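Working notes, beginning with the structure itself.
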Amino acid sequence: MTKPIGPICNLDCEYCFYLKKEDLYPETKSFRMTDEVLENYVRSYIEAQPTNEVVFAFQGGEPTLMGLRFFEKVVAYQKQYKRRGMTIQNTLQTNGTLLNDDWATFLKKHKFLVGISLDGPPNLHDKYRFDKQGRPSHQQVVDGIRCLQAHQVDYNILCVVNECNVQKPVEVYNYIKSLDVEYMQFIPIVEHFGDGDQVSPRSVGAKQYGQFLSAIFDEWVQKDIGKIFVQIFDIALEAWLGYNPSLCIFNETCGSALALEHNGDLYSCDHYVEPEYLVGNINNQTMQELIESDFQIKFGNDKKDTLPQYCLDCEVKFMCNGGCPKNRFIKTPDGEDGLNYLCQGYRHFFNHIDQPMKLMAAALERGQPAASIMAVMQKRRAGKNQSTKRPRRKRRRQ
């Protein structure tokens, strides 16, 4: 992914880890990617691709601050350098507050997939997501969503799960649905500080996160299979079908989600934009050389090679694979380093969904839609509710 405007943003979200990345470049006056770096990036990235399907991802900061002209150049360079038979997909992660008809027209024309950040209804979203003056951003985000919908732009919602909205999983899920959203993902906030296992008060609790996902899954599995698409549910189904999870945090190894800064600096990962994880600069080496460097290969393999025995023996290792390395800072029950802070939540969730996932996998293998299990799940829920009702006491005759 590339961050053409670095950490610069028009919002001042309290939990955003990337706003502080401005400190990496204390002498930089402008974080705008130049045309020279952009062209070099597009050319080098295309040359590094082993297949004819290429995905460019633009994040920030707030990438729309670069303006439409920048993205028009992106598309022009892609057309200039793409190989015959190559298809290019662009994704744009935005807070949605600057979207308008001009943006939506462009995004639709060039088939961008847009991710918009929304943490739930106003009282939950505006808890941490506000502008530089401390004003709430919820209504602007919803206006941006409506603009994309009016122009039929493909989009999804990214919901950051924190200590506040984690307490209202079904409310958050149903609210996002009420906006006519079909695709959504839930990303937990884990702010680690110090050398121990301390996290910020904003961080989601591990057990809470597992319960949050489970509550949404129970709602989804009875009503919304095939209608609403939740990223972690789709990834889980891949694993239950016997495939390797396609999301980087659940892969056995990592290192494929490198982050490119405005000046051409390439870092091992979006969550490791730190001096010690600087792979190199695309103005000095090709993208392929950097991606295939011993440094980056070791970074990717370390995830697997440092997995604790506790994880290797776990019943959900086939799905979890230890989770994202950035969150592996607590000890196992045996005292081994490297357990994921979210382990308790992941384990709860993946065990919770085991039976429905097996049913969906079996249905798909029979050539039936996954949604065919909804009736079964509804009956099970009804039976469970019936069994928990207390029998009425018979009144004695007087």
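The table that follows gives values for the structure above.
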read-out	value
Candidates per chymotrypsin sites (Phe, Trp or Tyr not before Pro) in segment 155-257, loop by DSSP, up to 14 other Cβ within 10 Å	Phe193, Tyr243
Simple Cβ-charge dipole of the chain, Lys/Arg +1 and Asp/Glu -1, about Cα centre, in debye nearest 20	3020
Neighbourhood net charge (15 Å Cβ-Cβ; Lys/Arg +1, Asp/Glu -1) for Gln93	-2
Set of segment 242-272 residues, backbone N closer than 20 Å to the point 7 Å along the Cα-Cβ line of Asp354	242-245
Neighbour net charge for His138 - beta-carbon separation under 9 angstrom, K R +1, D E -1	-1
Flagged links, alpha-carbon separation over 31 Å, of Lys3/Lys132; Lys111/Lys303; Lys111/Lys177; Lys168/Lys331	Lys111/Lys303
The chain: Rg to Rh, with Rh as the Kirkwood radius over Cα pairs	0.99
GNM flexibility winner over the chain from Pro26, Pro201, Pro121 (Cα, springs under 10 Å)	Pro26
Segments 284-290, 356-362, 320-326 sorted - mean Cβ within 10 Å per residue, highest first	320-326, 356-362, 284-290
Segment 19-300 - share of DSSP beta bridges that are antiparallel (%, nearest 5)	25
Among Arg84, Arg129, Arg381, residue whose mean-square fluctuation peaks in a GNM of the chain (springs only between Cα atoms under 10 Å)	Arg84
Taking segment 51-129 and dividing mean pair separation by its residue count, relative contact order in percent (alpha carbons under 8 Å, at least six apart)	35
MRE, 222 nm, helices only [DSSP H, n ≥ 4, -39500 (n - 2.57), over the chain, to nearest 500]	-11500 deg cm²/dmol
R0 of 30 Å, Cβ-Cβ distance Lys109-Arg366: FRET efficiency to nearest 0.05	0.15
Gain upon complete extension [Ser30, Asp197; 0.36 nm per residue less C-alpha separation]	56.5 nm
Dipole in debye (nearest 20) - segment 53-106, about Cα centre, beta carbon charges: Lys, Arg +1; Asp, Glu -1	420
Whole-percent pair-distance distribution, where bins are 10 Å wide, for the alpha carbons of segment 201-339	10, 32, 33, 20, 5, 0
Relative contact order computed over segment 19-300 (Cα-Cα under 8 Å; 6+ residues apart), in percent	16
Gap separating the Cα centres of segment 336-366 and segment 121-149, nearest whole Å	32
Cysteines without a disulfide-compatible neighbour (Cβ-Cβ under 4.7 Å), the chain	Cys9, Cys147, Cys159, Cys164, Cys248, Cys254, Cys269, Cys311, Cys314, Cys320, Cys324, Cys343
Volume of the Cα convex hull of segment 1-157, divided per residue and given in Å³	122
Chain lengthening between Leu68 and Glu219 when straightened (0.36 nm per residue, less Cα-Cα)	50.4 nm
Cα gyration tensor of segment 82-156 - equivalent ellipsoid semi-axes, whole Å, descending	28, 12, 10
Between segment 285-299 and segment 1-50, the alpha-carbon center distance in angstrom	19
Additional length obtainable on full extension of the chain from Thr332 to Lys304, 0.36 nm per residue less Cα span	8.5 nm
Sparse-neighbourhood loop sites, GluC sites (Glu not before Pro) in segment 1-78 - DSSP loop, at most 11 other Cβ within 10 angstrom	Glu27
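Only the coordinates and a few stated rules stand behind these numbers; no lab work does. As the structure is a prediction and not an experimental result, all values here were calculated from the model. Quick reminder, even Gly has a Cβ in these numbers, built from the backbone with ideal geometry, and neighbours come from all protein chains shown.
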